[in-house]
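The values are calculated or read from the model by the stated rules, or taken from the named source; none is laboratory data. Model, not experiment: these values are computed from the prediction. Using ideal geometry, Cβ is built from the backbone for each residue, glycine included, and neighbour counts are taken over all protein chains shown. To get the accessible areas, we keep the full protein, side chains included, count just its heavy atoms, and leave off ligands, DNA and RNA. Shrake-Rupley method; radii C 1.70, N 1.55, O 1.52, S 1.80 Å.
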Amino acid sequence: MEIKHHLDGNKGEFYIEENGNIIAQYAYTMTDDTTMLATHTGVSPRLRGQGIAMKLVEAAVEYARAHNYKIAPSCSYVRWAHETRPDLADVVR
């Protein structure tokens with residue numbers, strides 16, 4: 001499954017689509033020039049338990065690192081992911 005990225009103004013998302021429908025999503029808002037506020041993760045019920053949400057978090061972390069951004073997790077899943085994965089902690093604000 002390919003993770004895609006879309007940014008429109010200050011709203012962005014990492015997502016997976018199938019047949020034109022988004023089946024997994026990590027949504028964020030750029031609150032300033034260097035902060036991604038992670039607002040939502042969602043995965044289709046049929047994909048749950050496969051680590052898809054974590055793959056979306058990892059994609060966001062890679063993007064943040066590449067752009068010298070920090071992630072402010074307001075989404076509970078993203079917060080949990082950063083708390084349980086020390087290798088992701090360097091981008092948390």
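Run the numbers for Thr35 and Arg93: contour at 0.36 nm per residue of separation, minus the present Cα-Cα distance, in nm.
Going from the current span to full extension adds 20.1 nm.
Before I look further, what does the range 29-77 give for accessible area per residue, probe 1.4 Å, in whole square angstrom?
Values: 2510 Å² over 49 residues.
Heavy-atom accessible area per residue stands at 51 Å².
First measure r as the distance between the Cβ atoms of Asn10 and Arg46, then evaluate 1/(1 + (r/R0)^6) with R0 = 41 Å and state the FRET efficiency to the nearest 0.05.
0.85
Summing -39500 (n - 2.57) over the DSSP H runs of n ≥ 4 in the chain and dividing by its residue number, what mean residue ellipticity at 222 nm do you reach, to the nearest 500 deg cm²/dmol?
-8500 deg cm²/dmol
How would you classify the range 8-78 from its alpha-carbon gyration tensor, with a ≥ b ≥ c the square roots of the eigenvalues: rounded for a/c under 1.5, else prolate if a/b is greater than b/c, otherwise oblate? Before the final figure, lay out each step's value.
Numbers: a/c = 2.03, a/b = 1.71, b/c = 1.19.
Cα axes put the range 8-78 in the prolate bin.
Antiparallel as a % of all DSSP beta bridges within the chain, to the nearest 5?
Approximately 80 percent, going by the DSSP bridge assignments.
Would you work out the charge dipole size for the chain about its Cα centre, treating the Cβ of every Lys and Arg as +1 and the Cβ of every Asp and Glu as -1, and quote it to the nearest 20 debye?
Computed charge dipole of the chain: roughly 260 debye.
May I ask which residue of Ile52, Ile22, Ala38 lies farthest towards the positive end of the charge dipole of the range 9-82, with charges of +1 (Lys, Arg) and -1 (Asp, Glu) on Cβ and the Cα centre as origin?
After comparing all options, I get Ile52.
So how do 39-46, 68-75 stack up, highest first, on mean other-Cβ count within 10 Å?
Top to bottom by mean Cβ count within 10 Å: 68-75, 39-46.
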